[in-house]
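The values are calculated or read from the model by the stated rules, or taken from the named source; none is laboratory data. What you are looking at is a predicted structure, and each value in this text was computed from that prediction instead of being measured. Cβ placement follows ideal geometry from the backbone for every residue including glycine, while neighbour counts extend to all protein chains displayed. Ligands, DNA and RNA are excluded from the accessible area calculation, which covers all protein heavy atoms including side chains. Shrake-Rupley method; radii C 1.70, N 1.55, O 1.52, S 1.80 Å.
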Amino acid sequence: AATLPFKKVIGIELNHDLYTSSVEPLERVRPHLTCQDIELVEADATQWDMPADASVLFIWNSFLGDILHRVLQRIQAHHAQHQKPITLIYAIPDGDPDTLSSLPWLSDRQEIPPRFWTGIRVFRYRVA
């Protein structure tokens, strides 16, 4: 996301080792990134409060089952509270079902080409 012209990018990571191991590589590549306002947060995505101005959310295939369900409930509640447009980007491995496609509060589903990855499918939704 930081290679795109976003105002701010926030990365959420629950695993302490993954969080701490991502700080140094981020600083090493930061000068080459388009977005310079990057924040790494060590938090549980099922409990993290999104900023009121969040407009694009990206979910890699890191959440499954109940965890994914709770994260999606938070996104839906956030949208209901703030009434601002939200685009949800959802990336899953090839062959995995798009479990978001049946949610009635997500609309305008569109498969988009992955920019840097192989072996995945990427979908864009509008939170309605």
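Key figures
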read-out	value
Residue within region 99-112 that is in contact with a strand residue (DSSP E or B) (Cβ under 9 Å, 6 or more places away or on another chain), of a type in the set (A, V, I, L, M), within 19 Å of Trp48 (Cα to Cα) and crowded, with 16+ Cβ neighbours inside 10 Å present	no
Checking Leu88 against (1) within 17 Å of Gly11 (Cβ to Cβ); (2) in a loop (DSSP other than H, G, I, E, B), the condition it does not meet	(2)
Condition met for Arg115 (of a type outside the set (Asp, Glu), at pLDDT 90 or above and open to solvent by 30 Å² or more (accessible area, probe 1.4 Å))	no
Single residue of Ala45, Ala91, Ala52, Ala77 found to be small (Gly, Ala, Ser) and free of Cβ contacts under 8 Å to residues at least 24 places away in the same chain	Ala77
